[in-house]
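So the structure is just underneath, and the comments pick up after that.
The values are calculated or read from the model by the stated rules, or taken from the named source; none is laboratory data. Everything quoted here is computed from the prediction, not taken from an experiment. Positions of Cβ are generated from backbone atoms using ideal geometry, with glycine treated the same way; all protein chains shown enter the neighbour counts. Surface accessibility is based on the protein's heavy atoms, side chains included, excluding ligands, DNA and RNA. Shrake-Rupley method; radii C 1.70, N 1.55, O 1.52, S 1.80 Å.
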Amino acid sequence: DGRLTFYPGNRTVDLPFINFMKRYGTVFLNAYTNSPICCPSRAAMWSGLFTHLTESWNNFEGLDPDYVTWMDLMEKHGYHTQKYGKLDFTSGHHSVSNRVEAWTRDVDFLLRQEGRPMVNLTGDKKHVRVMEADWRNTDKAVNWIKEEAINLTQPFVLYLGLNLPHPYPSPYAGENFGSSTFLTSPYWLEKVTYDAIKIPRWSSLSEMHPVDYYSSYTKNCTGEFTKQEVRNIRAFYYAMCAETDAMLGEIISALRDTGLLKKTIVIFTADHGELAMEHRQFYKMSMYEGSSHVPLLVMGPGMKEQQQIPNVVSLVDIYPTMLDIAGIPVPQNLSGYSLIPLLRGKAENKVTTRGPRPSWVLSEFHGCNVNSSTYMLRTGRWKYITYSDGHSVLPQLFDLTADPDELTNVAIKFPVIVHSLDKILRSIVNYPKVSSSVQEYNKRQFTSWKQSLGQNYSNVIANLRWHQDWLKEPKKYENAIDKWL
């Protein structure tokens with residue numbers, strides 16, 4: 001959650017290496033994901049293109065494996081490149097559950113998925129390496145810096161992708177239940193200031209926006225939660241962020257120990273955030289700040305120190321920024337803009353062939369746990385969220401200056417602003433048309449998947465993440481699918 005990198009969010013947990021990057025570099029106060037879920041978000045970051053252009057609709061549908069990323073271009077231009085850890089931007093991965101849930105979101109049924117969000121404390125006060133796979137990848141990156149990077153005669157670009165801070169799989173709920181356990185050790189929990197944890201205010205279920213209600217229900221969050229449960233989920237999430245920060249620290253220390261820190265640009269960001277029980281939801285897949293607002297910090301030679309940038313930026317800006325750093329000509333067709341003028345503290349009026357950076361960012365979502373394509377335009381104090389074709393589901397408008405917790409939808413109160421923001425949005429993307437093509441894609445994919453299983457279709461679908469609900473009335477849900485198709 002990007003809000004943890006600046007005041008007041010950073011009061012909840014000690015993140016020494018994020019703070020180090022702020023002291024010696026720049027923090028972006030309003031950086032957003034272009035799609036609040038792993039694969040589509042990463043596809044945007046690696047391609048520099050909005051989701052409706054890459055057609056990376058869900059966690060199964062990403063970029064082609066041979067897509068030319070900014071790293072590929074840097075390699076072509078003489079950079080030594082190295083990748084470790086989670087990449088997750090190409091098509092064909094993730095579970096059947098993940099795919100089928102995304103494809104069937106237009107079906108007229110409500111089914112609870114995932115285990116209910118819960119916490120799990122492991123080990124003792126000496127247990128540092130909770131997320132072992134991430135630590136192994138961090139060790140690989142550290143060793144590479146110390147053994148390889150130090151001897152290179154050419155410039156290098158190193159990418160390290162972590163899974164943390166991500167809820168863990170919940171084995172108690174069966175293999176298809178995905179990840180709903182917030183897991184940490186006492187070592188990391190001690191870094192969290194419990195008194196500073198804000199308990200989010202929830203609307204009553206009857207007052208919720210219909211799309212929010214659907215998401216809350218499918219994520220198994222509509223039941224009763226005590227304040228202590230909510231506080232613990234948030235605390236454990238912050239503790240997982242502290243463990244992530246320590247991995248960043250390993251990389252910074254390796255660069256410092258080898259004398260490379262002074263001549264290396266370091267960028268820290270995330271594919272999306274975590275709602276951690278805000279708006280009665282956990283996980284991501286939402287345009288609310290917890291899910292869509294990402295961290296973005298940059299430090300290194302030529303980057304201004306102790307700078308806070310209020311401009312709205314997004315992950316598609318990474319592609320042109322990386323090329324700009326390397327002095328590679330930036331393609332004209334990109335959705336993003338280089339961050340270098342902002343990072344160097346220069347006015348952004350240097351004449352570029354593409355004109356100035358726009359004053360808005362776009363995020364969109366077409367995946368599971370949300371029963372409609374969603375589009376978010378963030379500009380100035382306003383966040384505008386619209387759904388599907390723009391009229392069958394009510395839009396939302398939040399004034400983030402007056403209402404940072406996004407509790408009051410003021411769309412009806414400000415029709416002129418809604419109209420003008422919708423006009424801007426439609427000039428960027430013909431969103432009713434995109435929503436319609438996503439619906440067609442979902443039907444097509446589901447039909448071919450169903451045909452590939454033959455008679456076995458019903459057994460397979462009954463054993464996905466929603467199996468407990470499905471098995472109560474399987475015929476009813478099968479009929480709903482037939483009607484949809």
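What about residue 252, is it β-branched (Val, Ile, Thr), open to solvent by less than 10 Å² (accessible area, probe 1.4 Å) and either more than 24 Å from residue 200 (Cα to Cα) or out of contact with any strand residue (DSSP E or B) (no Cβ under 6 Å at 6 or more places or on another chain) (or both)? Here the answer is yes, as residue 252 does meet what is asked.
Only residues that are part of a helix (DSSP H, G or I) and touching a residue at least 60 places away in the same chain (Cβ under 8 Å) were counted across region 12-24, and they come to 8. Could you say whether any residue in region 52-64 is among the polar types (S, T, N, Q) and closer than 30 Å to residue 148 by Cα? Checked region 52-64: no residue is among the polar types (S, T, N, Q) and closer than 30 Å to residue 148 by Cα. In region 454-478, the qualifying residues are those that are over 31 Å from the mean Cα position of the chain (by Cα), surrounded by 13 or more Cβ atoms within 10 Å (Cβ to Cβ) and not charged (D, E, K, R), and the one that is nearest to residue 214 (Cα to Cα) is 474.
The set of residues from region 269-289 being under 22 Å from residue 161 (Cβ atoms) and aliphatic (A, V, I, L, M) comprises 270, 275, 276, 285.
Where strands (runs of 3 or more DSSP E) fall wholly inside region 281-370, the ranges with 2 or more residues that are surrounded by fewer than 21 Cβ atoms within 10 Å (Cβ to Cβ) are 307-314. Within the set 129, 136, the sole residue that is free of Cβ contacts under 8 Å to residues at least 12 places away in the same chain and exposed (fewer than 14 other Cβ atoms within 10 Å of the Cβ) turns out to be 136. Looking only at region 162-183, decide whether some residue is on the phi > 0 side of the Ramachandran plot, buried (at least 18 other Cβ atoms within 10 Å of the Cβ) and not in a helix (DSSP H, G or I). Among the residues of region 162-183, at least one is on the phi > 0 side of the Ramachandran plot, buried (at least 18 other Cβ atoms within 10 Å of the Cβ) and not in a helix (DSSP H, G or I), which makes the answer yes.
Are any of the residues in region 113-132 closer than 30 Å to residue 317 by Cβ and under 18 Å from the mean Cα position of the chain (by Cα)? Checking region 113-132: not a single residue is closer than 30 Å to residue 317 by Cβ and under 18 Å from the mean Cα position of the chain (by Cα). Pairing residues of region 210-225 that are assigned to a loop (DSSP other than H, G, I, E, B) with residues that are buried (at least 22 other Cβ atoms within 10 Å of the Cβ) and of a type in the set (Phe, Trp, Tyr), at Cβ distances under 8 Å and at least 6 apart in sequence or on separate chains, gives 219/282; 219/283; 221/282.
Can you tell me which residue is farthest from residue 326 (Cα to Cα) among those in region 58-69 that are open to solvent by 10 Å² or more (accessible area, probe 1.4 Å) and of a type outside the set (Ser, Thr, Tyr)?
Here the residue is 60.
Determine if region 231-238 includes at least one residue that is within 30 Å of residue 112 (Cα to Cα) and at pLDDT below 95. Within region 231-238, not a single residue is within 30 Å of residue 112 (Cα to Cα) and at pLDDT below 95.
Can you tell me which condition residue 475 does not meet? The list is (1) in contact with an Asp or Glu (Cβ under 7 Å, 6 or more places away or on another chain); (2) basic (Lys, Arg); (3) at pLDDT below 95, and all the others hold. The number of the failed condition is (1).
The residues listed here are 271, 195, 257; of these, the one that is surrounded by fewer than 17 Cβ atoms within 10 Å (Cβ to Cβ) and farther than 21 Å from residue 118 by Cα is 257.
If you go through region 438-472 one residue at a time, how many are farther than 25 Å from residue 180 by Cα and either assigned to a loop (DSSP other than H, G, I, E, B) or of a type in the set (Phe, Trp, Tyr) (or both)? Qualifying residue count for the region: 4. If you check 148, 114 for being of a type in the set (D, E, K, R), surrounded by 15 or more Cβ atoms within 10 Å (Cβ to Cβ) and in contact (Cβ under 8 Å) with a residue 12 or more places away in the chain, only one passes: 114.
Taken over region 451-485, the criterion of being free of Cβ contacts under 8 Å to residues at least 12 places away in the same chain and not acidic (Asp, Glu) is satisfied by 451, 452, 453, 454, 455, 456, 457, 459, 471, 472, 475, 479. Restricting region 200-231 to residues that are β-branched (Val, Ile, Thr) and over 22 Å from the mean Cα position of the chain (by Cα) leaves a set whose member that is nearest to residue 385 (Cα to Cα) is 222. For residue 35, indicate whether it is modelled with pLDDT of 95 or more, under 12 Å from the mean Cα position of the chain (by Cα) and of a type outside the set (A, V, I, L, M, F, W, C). In short, yes. Name the residue that is farthest from the chain's Cα centre (by Cα), counting only residues in region 92-111 that are of a type in the set (S, T, N, Q) and surrounded by 18 or more Cβ atoms within 10 Å (Cβ to Cβ). Result: 104.
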